[in-house]
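Structure record follows, encoded as C-alpha cells.
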Amino acid sequence: MTMYVSILALSLMSCFLGFALLITEGNIDHVRAGRPPNASAALFPNIPFVPFSYVLSVCALDRLSPGTGPSLVFVYALAAICVRAYQLHMAKAKLKELNADSTSSSV
C-alpha cells in the first residue's frame, strides 16, 4: 500500500512540474509575441488521469510479472520528474533571457 501512495505522490509531482513547464513555455511564447508573460495551464484533465494511469500501470505490470510493477513505474516516475525538472530549468533560463532582452530593447 505504501508503494501505491508513493507512486501517487510522484505522479502528482510530475503533473505539477508539467504545469509549471507549460506555464513557462506559454510565457516564452507571450514574450516572443510582445505580450506580457501571463500564461496559465488547466489542471483538468491531467490531475485525475495521470495519477490514475500511473496506478493502473502498476496494477497491470504487477499482474504480468508480480513484484515488478511498482519498481518499474517508480523508476519511470523518477525519470519523468528529472526530465521535466531539467526542461523547466532550461525554459526558465530562456524566459529570463527573453525578458532581459525585451526590457533592454524597449529602453
Once each part is reduced to its C-alpha centroid, what is the distance from region 7-39 to region 51-76 in angstrom? 27
Evaluated at 37 °C with a viscosity of 0.692 mPa s, what Stokes-Einstein diffusion coefficient in µm²/s does region 26-71 have when Rh comes from the Kirkwood expression over alpha-carbon pairs? 247
The local net charge around ILE28, scoring Lys/Arg +1 and Asp/Glu -1 for residues other than ILE28 whose Cβ lies under 15 Å from its Cβ, equals +1
Suppose the Debye formula is applied to equal point scatterers at every Cα of the chain; what is log10 I(q)/I(0) at q = 0.12, 0.13, 0.16, 0.21 Å⁻¹? -0.52, -0.58, -0.74, -1.01
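Cβ under 11 Å from ASP101's Cβ, ASP101 left aside: what net charge do those residues give with Lys, Arg +1 and Asp, Glu -1? Spell out each step's value before the answer.
Numbers: positive: ARG32, LYS94, LYS96; negative: GLU97.
Residues close to ASP101 contribute a combined charge of +2.
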Cα pair distances in region 1-42, grouped into 10 Å bins until the bin that holds the longest one, percent each: 30, 32, 20, 13, 5
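Nearest 500 deg cm²/dmol is fine: what mean residue ellipticity at 222 nm does the chain get from its DSSP H runs of n ≥ 4 alone, each adding -39,500 (n - 2.57), divided by its residue count? Walk me through the numbers on the way to the answer.
Details: 3 runs with 88 residues, N = 107.
So the helix-based figure for the chain works out to -29500 deg cm²/dmol.
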Taking Cα pairs under 8 Å and at least six residues apart, what relative contact order does the chain come out at, in percent? 38
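Every number in this text was worked out from the coordinates using simple rules, so none of it is lab data. Model, not experiment: these values are computed from the prediction. When we count neighbours, we look across all protein chains shown, and the Cβ atoms used for this are built from the backbone with ideal geometry, even at glycine.
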